Amino acid sequence: MPTQILQATMAELETIIPLFDAYRVFYQQASDLTVARTFLSERLRHQDSVIFLAVDRNSNGIGFVQLYPSFSSVSAKRLWILNDLFVAESARRQGIAKHLMDRAREFAVETNAKGLFLETAHDNFNGQSLYESLGYQRNSEFYYFLDLQNPAPVDAHRI
């Protein structure tokens, strides 16, 4: 398998840092490897998030997805907020984002979550196309929710 998706631990921190920094730069933040290192090490050390890392056959980091735990009081179930998805420019158009999204979905199923929630920019048409192809439902504000237990469209404001 040319690409492997693994759940990141502190052992993968140095591999994730440049990807996370590039992600932040993509969203108009100044490059700052110290900020990236501090933020990610805190998330991993305190288990505040779950990060799935895509690596190529040479163990180079080529993408990641980061999930944050949340809960639905109405359904009394766990939710996962899919907060960050990034693929290195050199690895785009190879299905890496889909593989990362699929792994996030598998993880949500494994943890018996109600579903995954994400939001994206109104002009992120590539992302919207990917999310919708994977079953995410859009509401009027471009929020998406993938309900793993009830395939009917949901109103994300009622989660």
Candidates 49, 70, 59, filtered to the one that is more than 17 Å from residue 113 (Cα to Cα) and of a type in the set (S, T, N, Q): 59
Scope the stretch 102-129; condition surrounded by 17 or more Cβ atoms within 10 Å (Cβ to Cβ), of a type in the set (A, V, I, L, M, F, W, C), modelled with pLDDT of 95 or more and outside any loop (DSSP other than H, G, I, E, B); matching residues: 104, 107, 108
Residue within the stretch 34-53 that is in a strand (DSSP E or B) and modelled with pLDDT under 95 present: no
Residue under evaluation residue 52, criteria (1) of a type in the set (Phe, Trp, Tyr); (2) more than 18 Å from residue 20 (Cα to Cα); (3) buried (at least 19 other Cβ atoms within 10 Å of the Cβ), criterion not met: (2)
Considering residues of the stretch 67-87 that are within 14 Å of the chain's Cα centre (by Cα) and among the aliphatic types (A, V, I, L, M) only, the residue farthest from residue 27 (Cα to Cα): 79
Among residues of the stretch 71-94, those that are surrounded by 15 or more Cβ atoms within 10 Å (Cβ to Cβ) and either under 24 Å from residue 11 (Cα atoms) or not hydrophobic (A, V, I, L, M, F, W, C) (or both), counted: 14
Residues of the stretch 5-20 satisfying the condition of being of a type in the set (Val, Ile, Thr) and farther than 11 Å from residue 51 by Cα: 15, 17
Filter result for residue 139 (surrounded by fewer than 18 Cβ atoms within 10 Å (Cβ to Cβ) and at pLDDT 80 or above): no
Residue that is over 17 Å from residue 134 (Cβ atoms), assigned to a strand (DSSP E or B) and among the polar types (S, T, N, Q), where the choices are 75, 70, 59: 70
Of the criteria (1) under 15 Å from residue 14 (Cα atoms); (2) of a type in the set (S, T, N, Q); (3) buried (at least 18 other Cβ atoms within 10 Å of the Cβ), which one residue 38 fails: (3)
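The values are calculated or read from the model by the stated rules, or taken from the named source; none is laboratory data. Keep in mind that what you see is a predicted model, and the values were worked out from it rather than measured. When we count neighbours, we look across all protein chains shown, and the Cβ atoms used for this are built from the backbone with ideal geometry, even at glycine.
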